[in-house]
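Quick notes on the structure that follows.
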Amino acid sequence: IKQDYKVYLAPADLNLDILEEGDIYTFKEMLDENGSPDVDAAPKDSKLEMSRYSKIYLYLLEEFNCECILVAQSQCTTLAGDLYSDMLMFSNKECLTNVRICTTSERLNYTDKLHIPIIDFKSDQDELITDITNSIYSNMPTCACIVKGFGIIILGDNWTHVRNIFETVKDLIHNELAYQQYRVRRDISQQMSVMNNNFLELLQCSKGVDGPIMETETKPRNLISVRNDIFLDNSEIDQIEDTASERDLETPPNNDLESVSSGIEDENDQFSKPSDSLNETTATDDNPSDAQENE
């Protein structure tokens, strides 16, 4: 936060929830002649260290004539930095009216376009400062910049304004990621549906070709044949095999073929020779007098 020609920065590696007034570093508004932060007052606790990115914060506050800067690392901004290459753009959103351009402090309309550039992190702070500055100027209107692996940098007029912009941008990015996730799932579902339909068509074609061939083949005894339009699981196939095995047990052995043949011949003799009762009935019908004499 810049106020009364002074810049107040939180120390490094300290949670803002436990930050106290005596823990804040105070810098002069401008960098010194060597381009380094000029400390005006240090915290009372000597264990608190100055942020190694203080130079970046002081330079951006002076360059864009802002009163406050916020650097945050949220899950959605981290994912956006990993998934997108150079920029995010939002438009036709009512929440854009909460955003102000960092250079002019003008509010955006819901029909305006908000650009959020995305750049790579560089260990050299001078190069990183140059990249952040160029990306903001070349993507107007904007108020923020995402640095991959570092976080999102938001510029504003005061602390309340910056916090509101951060919540707005975070919601916009979250909704964008949710939409992209839905679109990917929809595309995968459509591709799976097409693949399933193609598989069913191939399966039907294979049925039409193989079905008649299997039906015209000579099927030996106890051969398990399954029509193409019937699908059996393993339990049903095992049941068929067990039934076939039981039928095999009922088949007479080879050494009893003669007895079986003689039994068949006896049955044939019974059907070929007329019975005595049949002859008597016939004779009675032809000669009634003979039948009376017999009685």
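The values are calculated or read from the model by the stated rules, or taken from the named source; none is laboratory data. Everything quoted here is computed from the prediction, not taken from an experiment. Neighbour counts run over all protein chains shown; Cβ positions are idealised from the backbone, glycine included. Areas reflect the complete protein model, heavy atoms only, side chains present, ligands, DNA and RNA absent. Shrake-Rupley method; radii C 1.70, N 1.55, O 1.52, S 1.80 Å.
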Between ARG183 and ARG163, the two model label points (7 Å from Cα along the beta-carbon direction) sit apart by a distance in nm of 3.4 nm
In cubic angstrom per residue, the convex hull of segment 21-89 built on its Cα atoms measures 155 Å³
Per residue accessible area in Å² of segment 18-91, where ligands, DNA and RNA are left out and the probe is 1.4 Å: 60 Å²
With every protein chain left in place, what is the accessible area of TYR8 in Å² (1.4 Å probe, nearest 10)? 90 Å²
Under a 1.4 angstrom probe, counting protein chains only, how are MET140, MET192 ranked by accessible area, largest first? MET192, MET140
Percent of Cα-Cα pairs more than 23 Å apart in segment 1-121, please. 46 percent
Accessible area, 1.4 Å probe, largest first: how do THR77, THR130 sort? THR130, THR77
If DNA, RNA and ligands are ignored and the probe is 1.4 Å, what is the ranking of VAL71, VAL7 by accessible area, most exposed first? VAL71, VAL7
Would you grab the residues whose amide H sits under 5 Å from the one on ASP40? Only those 5+ places off in sequence or on another chain, please, with H modelled 1.01 Å from N. THR26, PHE27, LYS28
Taking the square root of 5 times each eigenvalue of the Cα gyration tensor, what semi-axes in Å does the equivalent ellipsoid of segment 74-155 have, largest first? 22, 15, 10
Principal axis dimensions, largest first and in whole angstrom, of segment 105-209 by Cα: 75, 35, 21
Once fully extended, how much extra length lies between ALA42 and THR130, figured as 0.36 nm per residue of separation less the alpha-carbon to alpha-carbon distance? 28.9 nm
Pop out the carbon and sulfur fraction of the accessible area of segment 1-138 as a percent, whole number, probe 1.4 Å. 44 percent
Excluding CYS145 itself, what net charge comes from residues whose Cβ is under 14 Å from its Cβ, given Lys and Arg +1 and Asp and Glu -1? -2
Just the accessible area for THR133, please: 1.4 Å probe, Å², rounded to the nearest 10? 10 Å²
